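Input: a single structure, listed below in structure tokens.
The values are calculated or read from the model by the stated rules, or taken from the named source; none is laboratory data. Quick caveat, the model's predicted, so the values are computed rather than measured. Cβ: placed from backbone, ideal geometry, glycine included. Neighbour counts: every protein chain shown.
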Ligand code: ADP
Ligand code: MG
């Protein structure tokens with residue numbers, strides 16, 4: 001896990017990232033403002049008007065994506081730490097991602113062996129896994145399969161998310177988690193950064209395995225909390 005650990009150390013501080021995010025949101029807002037001011041001009045043709053509106057909406061969508069990828073991360077450190085039952089949390093996460101999965105012809109299978117409890121903040125944990133699963137779905141433009149396995153390895157809870165998508169080469173894996181690194185037209189390059197920060201805050205580790213045109217697996221390791229049955 002050495003490589004993954006080093007990546008966690010490389011993370012910028014929350015305030016540095018917050019500064020670049022506000023920049024990232026302010027830009028599209030400024031552009032949108034400009035287009036709306038242009039729309040006031042009564043001389044413009046209907047075509048030009050539609051063109052301005054389309055661009056203004058596209059810019060607003062961009063700001064919205066940035067905020068939603070970053071949302072939970074923007075809150076200060078872990079606050080409402082509770083004991084999370086991973087199997088139960090996964091059921092909730094599935095409800096959230098299912099519509100997006102079926103829209104993209106992706107089947108999600110969950111394999112669980114026994115109960116796993118960890119300490120963390122529910123909302124942050126949800127956002128973390130949603131970002132991982134969303135990336136998996138987005139790596140399979142022709143559809144495919146996501147397998148989520150939950151298991152216990154002694155004192156460690158293991159959550160693995162595998163996809164059958166495009167995969168990544170070594171250079172791409174190395175850049176994962178770097179703010180604003182994206183290969184997508186409509187990407188924010190924030191999702192994985194948020195994933196790494198949340199897992200770090202939960203005292204966990206992440207391991208990424210990937211093969212181009214075969215698929216990717218994200219394996220999350222979290223310290224187990226013993227819950228008397
Ligand atoms: P975004 O999804 O907005 O591009 P992320 O930080 O979530 O930003 O991901 C960064 C990049 O990492 C993606 O653009 C993609 O190239 C790559 N990536 C992440 N997860 C996967 C995956 N499961 N399969 C293939 N590539 C991935
Ligand atoms: Mg993403």
Can you tell me which residues in the range 95-104 are free of Cβ contacts under 8 Å to residues at least 40 places away in the same chain, surrounded by 11 or more Cβ atoms within 10 Å (Cβ to Cβ) and in a helix (DSSP H, G or I)? 96, 98, 100, 102
Please indicate, with yes or no, whether at least one residue in the range 197-213 is within 18 Å of residue 105 (Cβ to Cβ) and either in contact with a helix residue (DSSP H, G or I) (Cβ under 9 Å, 6 or more places away or on another chain) or more than 16 Å from ligand 2 (Cβ to nearest atom) (or both). yes
Filter pass, residue 161 being within 16 Å of ligand 1 (Cβ to nearest atom) and in a helix (DSSP H, G or I): no
What are the residues in the range 180-204 that are surrounded by fewer than 19 Cβ atoms within 10 Å (Cβ to Cβ) and more than 8 Å from ligand 1 (Cβ to nearest atom), if any? 180, 185, 200, 201, 203
So, in the range 143-178, exactly how many residues are within 15 Å of the chain's Cα centre (by Cα), over 12 Å from residue 218 (Cα atoms) and either at pLDDT 95 or above or buried (at least 19 other Cβ atoms within 10 Å of the Cβ) (or both)? 1
Quick test for you: out of 108, 137, 133, 90, pick the one residue that is more than 16 Å from ligand 1 (Cβ to nearest atom), surrounded by 14 or more Cβ atoms within 10 Å (Cβ to Cβ) and on the phi < 0 side of the Ramachandran plot. 90
Test: residue in the range 105-122 that is out of contact with any strand residue (DSSP E or B) (no Cβ under 8 Å at 6 or more places or on another chain) and touching a residue at least 24 places away in the same chain (Cβ under 8 Å): no
